[in-house]
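The values are calculated or read from the model by the stated rules, or taken from the named source; none is laboratory data. Quick caveat, the model's predicted, so the values are computed rather than measured. As a convention, Cβ positions derive from the backbone with ideal geometry for all residues, glycine included, and neighbour counts pool all protein chains shown. Side chains included, ligands, DNA and RNA excluded: accessible areas come from the protein's heavy atoms. Shrake-Rupley method; radii C 1.70, N 1.55, O 1.52, S 1.80 Å.
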Amino acid sequence: HAADAHRTDLMTITRHVLNEQTKHAESRGDFSILLNHIVLGCKFVCSAVNKGEEQKKLDVLSNEVFVKALISSGRTCILVSEEDVEATFVDPALRGKYCVVFDPLDGSSNIDCGVSIGTIFGIYMVKDANEVTINNVLQPGKNMLAAGYCMYGSSCTLVLSTGNGVNGFTLDPSLGEFILTHPNIKIPKKGKIYSANEGNAKNWDGPTAKFIEKCKFPKDGSSPKSLRYIGSMVADVHRTLLYGGIFLYPADKKSPNGKLRVLYEVFPMSFLMEQAGGQAFTGKQRALDLVPTKIHQRSPIFLGSYDDVEEIKALYAAEESHA
Ligand code: P6P
């Protein structure tokens, strides 16, 4: 009755995080409490998206739900949201030791046509609990304790890493629980898909243009890669994580730092990719080594299968050596 045992041995995200936590003897459960509040926010957004709320309201609604859930957890001290120009400094009475950076509804311009969208988040330990300033969140992505996203599509899927690999959970609406459905996700070492907005091709720099050319007209006789671009980062990254390949939002002449935001788009997705055996590169350095100076700053990003990112790194290195 192995199948039955599996069916009745419900590995919920809460149980999974508690198991993870036992690996950190010093932890007092704060992280599990924090994560449960993030999960609550995701459940709310999932139901609001499925109710077909219109985009404008959903953007604001999702942000309010996450900000309130995170503050009420009593475990956060600073919040950075894509929706808020300034960071939120939690009232001392409710202050905890974690800083959370998040995009409550990334890709929301796709809501009205039913394309999958998502919440992206990253969690840092505050550097100095007494000095509660913005410096506490301007940390390189490699300092993140955890990162994840929740994709609102045909099903609601939450992909999470707490630093020991990547696991995927699917919301069972009848239970209202996220159940482990994708244990220990590993991205294929090399992929057959590239994912970029070809509409920006006119403005790409040399190495990016050369890389995309190689994807379409390989010189080594291999077959061309397929182009898959949804235009919603969570959906494009989720496909890349499961099927392999490379997702890229490069710099271009108009936007030298690309479009995607470092703290709550580039870092969490780069963290997940490395934890799944892939890698993430900015065109200049390992994405997680970047030290942000502004909470909404952007960076070019190339992330996905290890070997595919190696190729783009070699092209930038070659340009560097000729410079
Ligand atoms: P473009 C959505 O607006 C978003 O922030 C990401 O979710 C997505 O990857 C990117 O922008 C799409 O940008 O310029 O290709 O439409």
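Here are a few things to note about the model shown:
- Efficiency of FRET between Phe44 and Asp307 - r from beta-carbon atoms, R0 51 angstrom, step 0.05: 0.85
- A crude spin-label estimate for the pair Ile179 and Arg28, with each label 7 Å from Cα along the Cβ direction, gives 3.6 nm.
- Taking the range 185-204 and a reference point 7 angstrom along Cα→Cβ of Asn19, the backbone N atoms nearer than 17 Å belong to 185-186.
- Mean separation of Cα contacts under 8 Å (6+ apart) over length of the chain, as relative contact order %: 16 percent
- Cβ-Cβ distance of Val85 and Ser223, R₀ of 35 Å, FRET efficiency by 1/(1 + (r/R0)^6): the value works out to about 0.15.
- Virtual spin-label span in nm between Lys253 and Lys97, 7 Å along Cα→Cβ: 5.1 nm
- Across Lys254/Lys294; Lys190/Lys313; Lys57/Lys254, pairs whose alpha-carbon gap is larger than 24 Å: Lys57/Lys254
- The chain: angle of helix 30-50 to the longest principal axis, Cα-based, in degrees nearest 10: 70 degrees
- Average Cα contact separation per residue, the range 214-323, under 8 Å, 6 or more apart, as relative contact order %: 27 percent
- For the chain: accessible area per residue (Å², 1.4 Å): 45 Å²
- Compactness of the chain, taken as the C-alpha radius of gyration over 2.2 N^0.38 Å, stands at 0.99.
- Once C-alpha pairs closer than 8 Å and six or more residues apart are averaged by separation and normalised to the residue number of the range 68-167, the relative contact order reads 21 percent.
- Here is the list for the range 32-102: GluC sites (Glu not before Pro) lying in DSSP coil, each with at most 14 other C-beta atoms within 10 angstrom of its C-beta, are Glu54, Glu86.
- Accessible surface of the range 148-251 [probe 1.4 Å, protein heavy atoms]: carbon and sulfur percent: 55 percent
- Cysteines of the chain lacking any other cysteine Cβ under 4.7 Å from their own Cβ: Cys77, Cys99, Cys113, Cys215.
- Förster-model FRET efficiency, 35 Å R0, Gln297 and Asp172, C-beta, rounded to 0.05: 0.40
- Seen against the Cα atoms of the chain and their longest principal axis, helix 233-243 is set at about 80 degrees.
- Cα principal axis extents for the range 240-323, largest first, Å: 33, 31, 21
- Near Met125, the amide H atoms lying under 5 Å from its own belong to Cys99, Leu145; only residues 5 or more places off or on other chains count, and H is placed 1.01 Å from N.
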